[in-house]
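First comes the structure, then the notes that go with it.
The values are calculated or read from the model by the stated rules, or taken from the named source; none is laboratory data. Model, not experiment: these values are computed from the prediction. Note that we place each Cβ from the backbone using ideal geometry, even for glycine, and neighbour counts take in every protein chain shown. Remember, those area values only see protein heavy atoms, side chains included, never the ligands or the DNA or RNA. Shrake-Rupley method; radii C 1.70, N 1.55, O 1.52, S 1.80 Å.
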Amino acid sequence: MKKYWILSILMCLALSANAQRTNNDGTPKEYEIAGITVSGVQYLDPVALTSLSGLKVGDKVKLPGDPKISDAIKKLWKQGILGDVGINATKFEGDKVYLNIQLTERPKLSRYFINGIRKGETQTVKDQTSLIVGRIVTQSLLKNTKKRIETHFQEKGFLNTNVNIVQVQDTLISNSVLLKINVNKGKKVKVADLIFKGNEAITDKKLTKKSKTKSKKKFRLFASSKFVKSKYETDKEKLVQYYQSQGYRDAKITGDSIYNIDSESIGIIVNIDEGQKYYYRNITWHGNYVYDDATLRRVLGIEKGDVYDLENLEKRLNFSPTDLDITSLYMDDGYLFFSIDPVEIAIVGDSVDIEMRIYEGSQANINKVVINGNTKTSDKVVMREIRTVPGQKFSRTDLIRSQRELSTLGYFDPEQVGINPIPNMQDGTVDIEYDLVEKPSDQIELSGGWGGAFGFVGTLGLVFNNFSIKKLLKVKEWGGILPSGDGQRLALRLQANGRRFQTYSLTFTEPWLGGRKPNSFSINLSHSVQRTITFSGDVLGSLQVSGATISLGRRLKWPDNYFTLSNSLSYLRYGLDDYPITQTLRNGTFQNFSFNTTINRSSIDSPTFPRSGSNLTLSVNVTPPYSLFRDGSFSTLDAERFKYIEYHKWMFDNSWFTRLVGDLVLHTRAHFGYIGVYNSQLEAGPFERFVLGGDGLTGQNFLLGLEIIGLRGYPNNSITPVGQAGGVIYNKFVMELRYPISLNPAATIFVLSFLEGGNNFGNYAEYNPFDMKRSAGVGARIFMPAFGMIGIDWGYGFDSVPGQGNDFSGGQFHFTIGQQLR
């Protein structure tokens, strides 16, 4: 009884105190904040927290229930650094009130550990979580971290991934916790059954081919059967698009179900409603004034009775990668504001009538061209490659071609060359922005290798692909060890093994001689020497080759503007001093004056990893026909007979790049070479002949005066007619499958597999294009701007090497440096 009496007294006192804090009518009473304190925090600044709350001494508040109090709590809570927030009145003095902000601090992240996965996966998972040491640990942070890790592994097929995050108080750092992130990936979940229901017109096999989600089969080696939710959703969209491309415009997926078979496999059922197959009936045009209906029908290429293919219709109207489309027809003539809207105006039975509603607009002229991102390369170097010139009519083809030209320059990242037309309909003009990202283009080659009888050979090569001779004396404008930015090329190379082998070369190229037209000028100087030296250091013989070449080239507009033509004059001097080239030729001086004409057509889309286009080259090299001016008598001494070297040499090289699926590229090549003579009484000389086999690197083979052709799967220089310095006619055919591992401009990496065959013949009567030395193998390439293209191949030769019996060549490793032409 006594307890109840005391409790009643306390309740009365509380009601009396509350009554004092409200008005007589029960409404909240206004108070002035006389003081604010903060409690519950140890590491946060109380003054800053008070400021964040928005409350300050002198403010008027009505108690209880003033919105200012609840707003202050919300402001503090939104900071994300507090675990609990409350505001209490600690004391009343008349119309003044003292407030206390009661807080609970959240700990900071000091460290975190990821358990349950391989070391190689840890860094990838860390990048996915984006956890930052020192960040406040909130429930949202823990939830997002868990979700990101689970999603990361689910995208890799680990559908049953479970992540458990444990917080542990860090005893070394105050108010901090460390996180133990325990990952249990489980096993990959694979699709055991993929069942389509409702499909009658299109077989299961065809539908499966269109889907990246595959069921596991014993003999399916290259297609993954792991289940990835995001890819599966995309596959469903692609299946509907495929049906529509076959004329089934009403096709849809009415439902699907995923069911567990066991802990490692699932089954999928996809229900399809194919609908009816449709065909084009009448196609009419409305709003076209520039081109008549007949012209537009011819470009569209769709006839009455054709299958109603929405995908093909979109390509024919807006962008066809292989043929002319309606939009290109207009935009290449300046009609930038052109638009076309195909509208279904009637569906009768299985036939569809389409009305093409066209807005032609006015022709747009290019107002200005803006270049962004060329921090090293001069504006003029970029502008001379661009085909969209201020003042001319807009052309989409010129815009795409300009993008290609900038991508193939080698100065910019081809994956990041951006084009941004900015139209202005008010004055009928367009501004075009080109966004570029510079990449390193200079290269250094510093290597050493074993050169057989020559021993260790060191190589130093420097290539400056964006050189500027104009800035040579303006040191302040260099921006590096040498002047750059004008698109010229300077190459220096030194290779030596003491006195036994030495070669030096210098090449300078100006791609725009005079600066107005793309007429290239190039000069090359070289000197090489090979010596036969005894162990005691005595020189027994030597071969010296000195040469100079001057060339001029220009771009052609016919047959199309992908062609270039170059002409060059060369002089080579061969000096033999007791150095056997053949059994009867070991001394003498030999002169080679030659004129070369090369026609090239290149339409590849990237110099490093082309996905489309081709490269065709026909080269003719001729010397004066000295023998035709003689009296018909020829010396029997080789030193006299070949004193002035004469021949005509024809080289044909052709390569095609075809994108198969995604970034999988088929690269096919064909090569042919032929050396002819002017006088039937003379045979081809010992110089400039063909030698096949191996990696095809002239600098590493140390064979001067010969044309080195690679043939993987066989030893270097091994495919040579027996008893001759080299062949006079050869052919070679190559098929490669290429796939990129990384297209990062800092290190472009791709792998390849190949089939190739070729042969080398000592006389024209023996030539048989089907008699080939065959090989197959695999390889990899890495392109680094500082070193160029570096490759390694393993090839297996299926045929014998000339002069070495009938045994197969077998497996061979090959290393390559630079882009190999042949």
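Does Gln244 qualify as being in contact with a helix residue (DSSP H, G or I) (Cβ under 6 Å, 6 or more places away or on another chain), open to solvent by 30 Å² or more (accessible area, probe 1.4 Å), in contact (Cβ under 8 Å) with a residue 12 or more places away in the chain and among the polar types (S, T, N, Q)? Against the criterion (in contact with a helix residue (DSSP H, G or I) (Cβ under 6 Å, 6 or more places away or on another chain), open to solvent by 30 Å² or more (accessible area, probe 1.4 Å), in contact (Cβ under 8 Å) with a residue 12 or more places away in the chain and among the polar types (S, T, N, Q)), Gln244 qualifies. Where strands (runs of 3 or more DSSP E) fall wholly inside segment 678-758, the ranges with 3 or more residues that are closer than 24 Å to Met772 by Cα and either open to solvent by 10 Å² or more (accessible area, probe 1.4 Å) or basic (Lys, Arg) (or both) are 706-709, 729-742. For segment 72-99, how many residues are open to solvent by less than 70 Å² (accessible area, probe 1.4 Å) and closer than 29 Å to Arg135 by Cα? Here the count works out to 10.
Quick check, is Leu207 in contact with a Leu (Cβ under 9 Å, 6 or more places away or on another chain) and assigned to a strand (DSSP E or B)? Judged against the criteria, Leu207 is not a match.
Within segment 184-201, being surrounded by 15 or more Cβ atoms within 10 Å (Cβ to Cβ) and modelled with pLDDT under 90 holds for Lys185, Lys188, Val189, Lys190, Val191, Ala192, Leu194. The residues of segment 478-491 that are in a loop (DSSP other than H, G, I, E, B) and not small (Gly, Ala, Ser), listed by number, are Trp478, Ile481, Leu482, Pro483, Asp486.
Every listed requirement among (1) assigned to a strand (DSSP E or B); (2) in contact with a strand residue (DSSP E or B) (Cβ under 6 Å, 6 or more places away or on another chain); (3) surrounded by 12 or more Cβ atoms within 10 Å (Cβ to Cβ) is met by Lys68 save one, (1). Looking for something polar (S, T, N, Q) and within 21 Å of Ser407 (Cα to Cα) - is there at least one such residue anywhere in segment 494-502? No: zero hits.
Quick grid of which residues meet (1) within 27 Å of Leu300 (Cβ to Cβ); (2) free of Cβ contacts under 8 Å to residues at least 60 places away in the same chain; (3) not hydrophobic (A, V, I, L, M, F, W, C):
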position: Val352; (1), (2), (3): yes, no, no
position: Gln363; (1), (2), (3): yes, no, yes
position: Val369; (1), (2), (3): no, no, no
position: Lys376; (1), (2), (3): no, no, yes
position: Val381; (1), (2), (3): no, no, no
position: Glu385; (1), (2), (3): no, yes, yes
position: Phe394; (1), (2), (3): yes, no, no
position: Ile400; (1), (2), (3): yes, yes, no
position: Tyr411; (1), (2), (3): no, no, yes
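With respect to being among the polar types (S, T, N, Q), modelled with pLDDT of 90 or more and open to solvent by less than 30 Å² (accessible area, probe 1.4 Å), Gln488 fits the description. When segment 499-523 is limited to residues that are small (Gly, Ala, Ser) and in contact (Cβ under 8 Å) with a residue 40 or more places away in the chain, the one that is least open to solvent (accessible area, probe 1.4 Å) turns out to be Ser522.
Checked against (1) surrounded by fewer than 16 Cβ atoms within 10 Å (Cβ to Cβ); (2) modelled with pLDDT of 85 or more; (3) not aliphatic (A, V, I, L, M), Ser614 meets all criteria but (1).
Taking the conditions (1) out of contact with any helix residue (DSSP H, G or I) (no Cβ under 9 Å at 6 or more places or on another chain); (2) touching a residue at least 60 places away in the same chain (Cβ under 8 Å); (3) among the acidic types (Asp, Glu) in turn, Asp204 satisfies each one other than (2). Quick one: in segment 100-153, which of the residues that are assigned to a loop (DSSP other than H, G, I, E, B) and closer than 22 Å to Phe227 by Cα is least open to solvent (accessible area, probe 1.4 Å)? So, considering only residues that are assigned to a loop (DSSP other than H, G, I, E, B) and closer than 22 Å to Phe227 by Cα, the one least open to solvent (accessible area, probe 1.4 Å) is Ile117. Against the definition (open to solvent by 20 Å² or more (accessible area, probe 1.4 Å) and modelled with pLDDT of 95 or more), how does Glu355 come out, yes or no? So Glu355 passes the test. Residues in segment 548-579 that are surrounded by 14 or more Cβ atoms within 10 Å (Cβ to Cβ), within 30 Å of Thr720 (Cβ to Cβ) and in contact with a Lys or Arg (Cβ under 7 Å, 6 or more places away or on another chain): Leu576, Tyr579.
Taking residues in segment 122-147 that are within 18 Å of Thr161 (Cβ to Cβ), and partners anywhere that are hydroxyl-bearing (Ser, Thr, Tyr) and at pLDDT below 85, the pairs with Cβ atoms closer than 7 Å and at least 6 places apart or on different chains are Thr145/Thr129. Screening Ser606 on (1) surrounded by 15 or more Cβ atoms within 10 Å (Cβ to Cβ); (2) closer than 27 Å to Ile523 by Cα; (3) touching a Leu at 6+ places or on another chain (Cβ under 6 Å); (4) not basic (Lys, Arg) shows it passes everything except condition (3). Is there a residue being farther than 30 Å from Gly410 by Cα, touching a residue at least 24 places away in the same chain (Cβ under 8 Å), hydrophobic (A, V, I, L, M, F, W, C) and not in a strand (DSSP E or B) anywhere in segment 593-615? There is no residue in segment 593-615 that is farther than 30 Å from Gly410 by Cα, touching a residue at least 24 places away in the same chain (Cβ under 8 Å), hydrophobic (A, V, I, L, M, F, W, C) and not in a strand (DSSP E or B). Can you pull out every residue in segment 495-514 that is farther than 21 Å from Ser468 by Cβ and modelled with pLDDT under 90? Gln495, Ala496, Asn497, Gly498, Arg499, Arg500, Phe501, Gln502, Thr503 - these are the residues of segment 495-514 that are farther than 21 Å from Ser468 by Cβ and modelled with pLDDT under 90. Within the group Lys143, Lys96, Lys156, which residue is at pLDDT below 85 and out of contact with any Lys or Arg (no Cβ under 6 Å at 6 or more places or on another chain)? On inspection, the qualifying residue turns out to be Lys156.
Of the candidates Ser230, Ser215, the single residue that is at negative phi and crowded, with 18+ Cβ neighbours inside 10 Å is Ser215. So how many residues does segment 392-448 have that are more than 22 Å from the chain's Cα centre (by Cα), hydrophobic (A, V, I, L, M, F, W, C) and within 30 Å of Leu462 (Cα to Cα)? Residues meeting the conditions: 2. Out of all the residues in segment 362-407, which are open to solvent by 40 Å² or more (accessible area, probe 1.4 Å), part of a loop (DSSP other than H, G, I, E, B) and under 19 Å from Gly487 (Cβ atoms)? Listed by number, the residues that qualify are Thr375, Lys376, Arg384, Arg387, Val389. Taking the condition assigned to a loop (DSSP other than H, G, I, E, B) and open to solvent by less than 60 Å² (accessible area, probe 1.4 Å), does Leu159 pass? Answer is yes for this residue.
Taking Leu660, is it modelled with pLDDT of 90 or more and among the aliphatic types (A, V, I, L, M)? So Leu660 passes the test. Considering segment 524-539, the residues that are polar (S, T, N, Q) and surrounded by fewer than 10 Cβ atoms within 10 Å (Cβ to Cβ) include one that is nearest to Thr509 (Cα to Cα), namely Thr534. In this structure, is Tyr291 farther than 24 Å from Glu200 by Cβ and open to solvent by less than 50 Å² (accessible area, probe 1.4 Å)? It is true that Tyr291 is farther than 24 Å from Glu200 by Cβ and open to solvent by less than 50 Å² (accessible area, probe 1.4 Å).
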